[in-house]
Amino acid sequence: MYLFYMDESGDPNGWNFQDNFVLAGIAVHEGQVRRLSGELDDVQRRFFPGIAVSLEFHAQHIFGGKSRFRTMASQQRTDLLNAAYDVTANARFPNLVAFITAIHVSAVTNQHQALRDCLEDICERFNTFLVRQFRAGYPDKGMLIMDRSGRERRIRELMSTSADRQRERDEILRTRQEDVRKMAEMVAEVLKKNVLCVFGNEKTLTDNKEIFDDLIKVIE
């Protein structure tokens, strides 16, 4: 199984002070987690020999000298970042795979688009990787791990919507001519009854309710 850790850079609605929103992730095979964790522990012992509990290496905090890293000299913080980056850079494909997607302000038309489009794109890239691995004889599954943030709930909602769309897309693509022909008898019976069914905007249907015998709300 691949553990896919995903995090963001920027604010999907912060277009007053940024031009790009970036969503990135690292997929690590479960068999490599222990080794990579050990190498990062070695980095911590090198720079923080007196601290036994695990520290989180956030690049933004290290680069800006914030929190635990505020007392470190600039060059020392640079060395720490390089040491942490070397752990991932030295990992070999396909044990560790990086994914990244970004959207520019010029491509954004509404407040929900940036996060939705980037999330859908990076998940499709991860899925494509898993499919290629499967075809190569490595049938691994994937697990998405999200950083806890104020947008975690929104991301979960988008993931659910994306999964629904993918399921519907798969069902459509799997449909064959014989599947349609099997419905012929049912369709013929419906046509005989001269029944009109419309699925659409609630207000529009309500404004034209005299056309229909019944109005049924199917989605809450």
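The values are calculated or read from the model by the stated rules, or taken from the named source; none is laboratory data. Everything quoted here is computed from the prediction, not taken from an experiment. Because the Cβ atoms are built from the backbone with ideal geometry, glycine has one as well, and the counts that use them run over all protein chains shown.
Could you please find all residues in segment 109-144 being within 25 Å of Asn13 (Cα to Cα) and in a loop (DSSP other than H, G, I, E, B)? Lay out the reasoning, then the answer.
If we filter segment 109-144 for residues that are within 25 Å of Asn13 (Cα to Cα), which is where we start, we get 109-126, 144.
Thr109, Asn110, Gln111, His112, listed by residue number.
Give the residue, chosen from Asn90, Asn82, that is of a type outside the set (D, E, K, R), within 23 Å of Gly10 (Cα to Cα) and over 22 Å from the mean Cα position of the chain (by Cα).
Asn82
Provide a single number: the residues in segment 11-28 that are in a loop (DSSP other than H, G, I, E, B) and in contact with an Asp or Glu (Cβ under 9 Å, 6 or more places away or on another chain).
Final tally of qualifying residues: 2.
Identify, please: which residue in segment 113-151 is loosely packed, with under 11 Cβ neighbours inside 10 Å and charged (D, E, K, R) and is, among those, modelled with the lowest pLDDT?
For segment 113-151, the residue satisfying everything is Arg148.
Checking Thr161 against (1) touching a Cys at 6+ places or on another chain (Cβ under 6 Å); (2) at pLDDT below 85; (3) not aliphatic (A, V, I, L, M), which single condition isn't satisfied?
Every listed condition holds for Thr161 apart from (1).
Using the structure shown, decide if Ile26 is without any contact (Cβ under 8 Å) to a residue 12 or more places away in the chain, among the hydrophobic types (A, V, I, L, M, F, W, C) and touching a helix residue (DSSP H, G or I) at 6+ places or on another chain (Cβ under 9 Å).
In short, no.
Out of curiosity, is Glu39 under 18 Å from Phe129 (Cβ atoms), in the same structural domain as Gln133 (by TED's automatic domain parsing) and free of Cβ contacts under 8 Å to residues at least 60 places away in the same chain?
Spelling it out, it is not the case that Glu39 is under 18 Å from Phe129 (Cβ atoms), in the same structural domain as Gln133 (by TED's automatic domain parsing) and free of Cβ contacts under 8 Å to residues at least 60 places away in the same chain.
Every residue in segment 72-103 that is closer than 14 Å to Leu40 by Cα, surrounded by 15 or more Cβ atoms within 10 Å (Cβ to Cβ) and among the β-branched types (Val, Ile, Thr), please.
Val87
Kindly indicate whether Asp7 is touching a Phe, Trp or Tyr at 6+ places or on another chain (Cβ under 9 Å) and of a type in the set (D, E, K, R).
no
Given (1) in a helix (DSSP H, G or I); (2) without any contact (Cβ under 8 Å) to a residue 12 or more places away in the chain, where does Glu56 come up short, assuming only one miss?
(1)
Condition check: at pLDDT below 95 and loosely packed, with under 13 Cβ neighbours inside 10 Å. Does Asn110 satisfy that?
Here the answer is yes, as Asn110 does meet what is asked.
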